[in-house]
Amino acid sequence: MRAGATGLSLLSLSLNVDVLTALQDGELALADLSQAVGHPPATTMRGYLKSLADLGVVERHQAEGFPGPVAYALSRPGAELLIVAAAVQRWLTTAPTGPVPLGSPAAKSSIKALVEGWNSTIVRILATRPLALTELARLVSSISYPTLERRVAAMRRVGLVQAARDNGASRGTPYQVSQWLREAAAPLAAAVGWERRWAREQTKAIGRLDIEAAFLLAAPLLDLPGDLQGVCRLGVEMRSDSKLEYAGAMLKVDRGRVLSYSARMKGRPDGWATGTTAGWFGSASCPTGAELEFGGDVPLARNVAAAMRSTLIPAALAEVV
């Protein structure tokens, strides 16, 4: 799985959502917690709680004596997972078919389709340009063509991708990312930030494709001053065999509008912003955007970087901390 997929997958399961919600006001005895989440089978409850405890989301407390009563409480990572849940719910509220409650079957389908598209790099590839299935299959090597076809169909069914206008150059129907999939950059970034902060050992480190996908999805959504223009490079520092490399995106801005964007970092930008993954993907409860460094046309770089950060990590999420 790619970075962010574990955090999002946790929130696709209704019982996990119910447990987080039940514990947000304080510790509960196991019997009371089971009642609060609808009395699932005991083996199911134990399995889910063990998975959450293994990730450090909940803490298990047992009183002295035998057999001492067992209680559960949210840990600090669990409390911050609620911030990710708020980002996911905020995104689900804008679903093309109407608001979707987190924890519902429709939410599970949407999150699963997003995670599968993210894991297989479908999201990263389509964030650049529309492609037909046959064209997409040549670029996605991790899954078979039938699996690719099923995943794209699932993404289209929930509104993450849509058919694009075809000028006749493609064989088959070209698919493009929807506005809703672009808005998914925020819950994806929230999940990545949570994993890097609290579950480094159990989750996948953020990679070049994850960074590129997040920036390319968010680029058309940036809210910029109307007089801003120039070419800006946004870079994230990455270490490879002790060698410092950069991943990110190059954006061309004209009168406050992003005219074009690319993951190719070559060329001479007018301004640039660089930083660590923490600097770009720090959570709403622990923003670290101040760690970014700027050069060239600094006002251009600062405005574009601030807009990217606020798109990936909306200020509204800080209200749930």
Looking at Gly103, Gly38 in this structure, which one is in contact with a Ser or Thr (Cβ under 6 Å, 6 or more places away or on another chain), of a type in the set (Gly, Ala, Ser) and not assigned by TED's automatic domain parsing to the domain that holds Glu212? Gly103
For segment 260-275, name all the residues that are buried (at least 17 other Cβ atoms within 10 Å of the Cβ) and either in contact with a Pro (Cβ under 6 Å, 6 or more places away or on another chain) or not in a strand (DSSP E or B) (or both). Ala263, Met265, Pro269
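Can you find even one residue in segment 196-209 that is part of a helix (DSSP H, G or I), crowded, with 18+ Cβ neighbours inside 10 Å and at pLDDT below 95? Full working, then the answer.
Step one: filter segment 196-209 for residues part of a helix (DSSP H, G or I), giving 196-198, 208-209.
Cutting the leftovers down to crowded, with 18+ Cβ neighbours inside 10 Å gives us 196, 198.
Subsequent filtering for residues that are at pLDDT below 95 retains 196, 198.
Checked against the condition, which is being part of a helix (DSSP H, G or I), crowded, with 18+ Cβ neighbours inside 10 Å and at pLDDT below 95, segment 196-209 yields at least one hit.
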Do we have Arg129 as under 26 Å from Leu92 (Cβ atoms) and basic (Lys, Arg) here? no
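For segment 253-280, which positions are out of contact with any Asp or Glu (no Cβ under 6 Å at 6 or more places or on another chain) and farther than 17 Å from Ala213 by Cα?
So the first thing to find is which residues in segment 253-280 are out of contact with any Asp or Glu (no Cβ under 6 Å at 6 or more places or on another chain), and the list is 253-262, 264-269, 272-273, 277-278, 280.
Answer for segment 253-280, where residues must be out of contact with any Asp or Glu (no Cβ under 6 Å at 6 or more places or on another chain) and farther than 17 Å from Ala213 by Cα: Val253, Asp254, Arg255, Gly256, Arg257, Leu259, Lys266, Gly267, Arg268, Pro269, Trp272, Ala273.
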Hits in segment 253-275 - residues which are under 11 Å from Gly235 (Cα atoms) and modelled with pLDDT under 90: Met265
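Is segment 108-127 home to any residue that is exposed (fewer than 13 other Cβ atoms within 10 Å of the Cβ) and free of Cβ contacts under 8 Å to residues at least 60 places away in the same chain?
Let us first name the residues in segment 108-127 that are exposed (fewer than 13 other Cβ atoms within 10 Å of the Cβ), namely none.
Checking segment 108-127: not a single residue is exposed (fewer than 13 other Cβ atoms within 10 Å of the Cβ) and free of Cβ contacts under 8 Å to residues at least 60 places away in the same chain.
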Limited to segment 71-89, what total is found for residues that are in a helix (DSSP H, G or I) and small (Gly, Ala, Ser)? 5
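Counting only residues that are in a loop (DSSP other than H, G, I, E, B) and at pLDDT below 95, which one in segment 144-165 is surrounded by the fewest Cβ atoms within 10 Å (Cβ to Cβ)? I'd like the intermediate steps shown before the answer.
Pass one, segment 144-165, residues in a loop (DSSP other than H, G, I, E, B): 144, 159-160, 164-165.
From what is left, the residues that are at pLDDT below 95 are 164-165.
On the way: Ala164: 17, Arg165: 7.
Filtering segment 144-165 for residues that are in a loop (DSSP other than H, G, I, E, B) and at pLDDT below 95, the one surrounded by the fewest Cβ atoms within 10 Å (Cβ to Cβ) comes out as Arg165.
Does Ala191 count as over 22 Å from Leu259 (Cα atoms) and of a type in the set (A, V, I, L, M)? Steps first, answer last, please.
Details: over 22 Å from Leu259 (Cα atoms): yes; of a type in the set (A, V, I, L, M): yes.
Yes, satisfied.
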Considering segment 205-242 alone, what residues qualify as being farther than 19 Å from Ser310 by Cβ, within 17 Å of the chain's Cα centre (by Cα) and of a type outside the set (Lys, Arg)? Ala205, Ile206, Gly207, Leu209, Asp210, Glu212
Do we find a residue being assigned by TED's automatic domain parsing to the domain that holds Glu293 and farther than 16 Å from Ala305 by Cα anywhere in segment 156-166? no
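The values are calculated or read from the model by the stated rules, or taken from the named source; none is laboratory data. Nothing here was measured: the structure is a model prediction, and the numbers come from that model. Don't worry about glycine lacking a Cβ; one is built from the backbone with ideal geometry, like all the others, and counts go over all protein chains shown.
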